[in-house]
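A.B. asks: Got a structure for you, questions after.
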Amino acid sequence: MIKIIFIVVEVYREENVGAIARAMKTMGIENLRLVNPKCNHTCSKALTTAHGSRDILKKASVFDNFEESIRELDLIVGTTAKKRSVHEDYHWVEDLPSIILNKEDSIKKVGIIFGREESGLTNRELSMCHLVSTIPMHSKYPSLNLGQAAMVYATYISKITLNCKKKYDKEIQQVELPVVREKAGQILNDVGINPEGIIYPRIMERLMLLKKDDINLFHSFCKYYLKKYHGRVK
């Protein structure tokens, strides 16, 4: 079963973190991570807003920095309402379930990242995400607040957590997508493509959209390449 994790960076308002927990519980998402929260996520105001979802808040993991919160994730999806130059493609929230489910057992843990109430995620944080998603809106103002945005994402993600639970209920033994990402990085480095340039992140970003069969095919190519040019079997 693919595990969905909501990660909220520097949330300021107790009501928002409570609303996020409620949205998660309603839609079958159980794992919440808070990065450097600026409020007490277990205070009475947060717990009252969470109503029926207090267990989500009480068991939430707290991290000092963003890097630690995403370290072992296989697929990291940042959310934003603003168009940035960090990523070329911005995927609508409604497309996320198919993108994730098409990976099948090549991934195990998926992080959906939410930023600060006023400013969202920084460019640096977005650059550390594999994909970036957005909610299509009729107008940018007034925009959705953090709790509302989390509810929208939770609703679409429920296609994974609720409707598809039986199909993907088996335990995933080995995840392939991070391995493919590491091997692709080695190949790009070999041919002299600068990680700080434009092409490198663009290629890595597109790799994250591969379906399971394409991941396996690319993985096989990487094995042949690394065996011939680096003497690596794995």
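A.B. asks: Within the chain, which is the longest segment containing none of the GluC sites (Glu not before Pro) that sit in a DSSP loop and have at most 11 other Cβ atoms within 10 Å?
C.D. replies: Longest gap between qualifying sites, sites excluded: 1-71.
A.B. asks: Separate question: Percent relative contact order of region 1-156, based on C-alpha pairs within less than 8 angstrom and at least six residues apart?
C.D. replies: Averaging sequence separation for qualifying contacts and normalising by length gives 32 percent for region 1-156.
A.B. asks: Residue farthest toward the positive end of the dipole of the chain, with Cβ of Lys/Arg at +1 and Asp/Glu at -1: which of Ala21, Phe63, His138?
C.D. replies: Ala21
A.B. asks: Can you give the local net charge around Ile112? Use residues other than it whose beta-carbon is closer than 12 angstrom to its beta-carbon, Lys and Arg +1, Asp and Glu -1.
C.D. replies: Within the 12 Å Cβ shell, the charges total +3.
A.B. asks: Let me ask you something else. Report, in listed order, any pair from Lys38/Lys159; Lys38/Lys183; Lys82/Lys159; Lys58/Lys212; Lys3/Lys211; Lys109/Lys228 with a Cα-Cα distance greater than 28 Å. Please list the in-between numbers first.
C.D. replies: Details: Lys38/Lys159 31 Å; Lys38/Lys183 38 Å; Lys82/Lys159 25 Å; Lys58/Lys212 35 Å; Lys3/Lys211 18 Å; Lys109/Lys228 32 Å.
Too far apart for the 28 Å limit: Lys38/Lys159; Lys38/Lys183; Lys58/Lys212; Lys109/Lys228.
A.B. asks: Give, rounded to the nearest 20 debye, the magnitude of the charge dipole that region 1-100 has about its Cα centre when Lys and Arg contribute +1 at Cβ and Asp and Glu contribute -1 at Cβ.
C.D. replies: Details: 14 positive and 14 negative charges, 98 e Å.
Once rounded to the nearest 20, the dipole reads 480 debye.
A.B. asks: To continue, here is another question. Taking the Cα centre of region 177-230 as the origin, how large is its charge dipole in debye, to the nearest 20, when only Lys and Arg (+1) and Asp and Glu (-1) carry charge on their Cβ atoms?
C.D. replies: 200
A.B. asks: Let me ask another. Which Cα, out of Asn194, Ser220, Leu209, lies furthest along the positive dipole direction of region 177-230 (beta carbon charges, K/R +1, D/E -1)?
C.D. replies: Ranked along the dipole, the leading option is Ser220.
A.B. asks: Turning to a different aspect of this structure: Compute, for the chain, the length of the dipole vector about the Cα centre, with Cβ point charges of +1 (Lys, Arg) and -1 (Asp, Glu) only. Units Debye, rounded to 20.
C.D. replies: Using Cβ point charges on Lys, Arg, Asp and Glu, the chain gives about 420 debye.
A.B. asks: Quick one: Ile203, Ile135, Ile7, Ile215, fewest Cβ neighbours within 10 Å first, how do they rank?
C.D. replies: Ile203, Ile135, Ile215, Ile7
A.B. asks: Measure nothing fancy, just the Cα-based angle from helix 212-230's long axis to the longest principal axis of the chain, in degrees from 0 to 90, nearest 10.
C.D. replies: Compared with the principal axis, the helix lies near 50 degrees.
A.B. asks: For region 144-158, take each phi angle, set θ = phi - 60°, evaluate the Karplus expression 6.51 cos²θ - 1.76 cosθ + 1.60, and give the result in whole Hz per residue in order, putting x for glycine and proline.
C.D. replies: Values per residue, Gly and Pro as x: 5, 7, 4, x, 5, 4, 4, 5, 4, 5, 4, 4, 5, 5, 4 Hz.
A.B. asks: With θ taken as phi - 60° and the coefficients 6.51, -1.76 and 1.60, list the Karplus ³J(HN,Hα) couplings across region 61-69 in order, rounded to whole Hz; mark glycine and proline as x.
C.D. replies: So the Karplus estimates, Gly and Pro as x, are 8, 10, 10, 6, 9, 5, 4, 5, 5 Hz.
A.B. asks: Further question: What list of ³J(HN,Hα) couplings, whole Hz, do you get for region 103-112 from phi and the Karplus terms 6.51, -1.76, 1.60, once you set θ to phi - 60° and write x for glycine and proline?
C.D. replies: Coupling constants for region 103-112: 6, 6, 8, 7, 9, 10, 10, 10, x, 9 Hz.
All of the numbers you see were taken from the coordinates with simple rules; none came from a lab. Keep in mind it's a predicted model, so treat the numbers as computed, not measured. Here the Cβ is made from the backbone with ideal geometry for all residues, glycine too, and neighbour counts use every protein chain on show.
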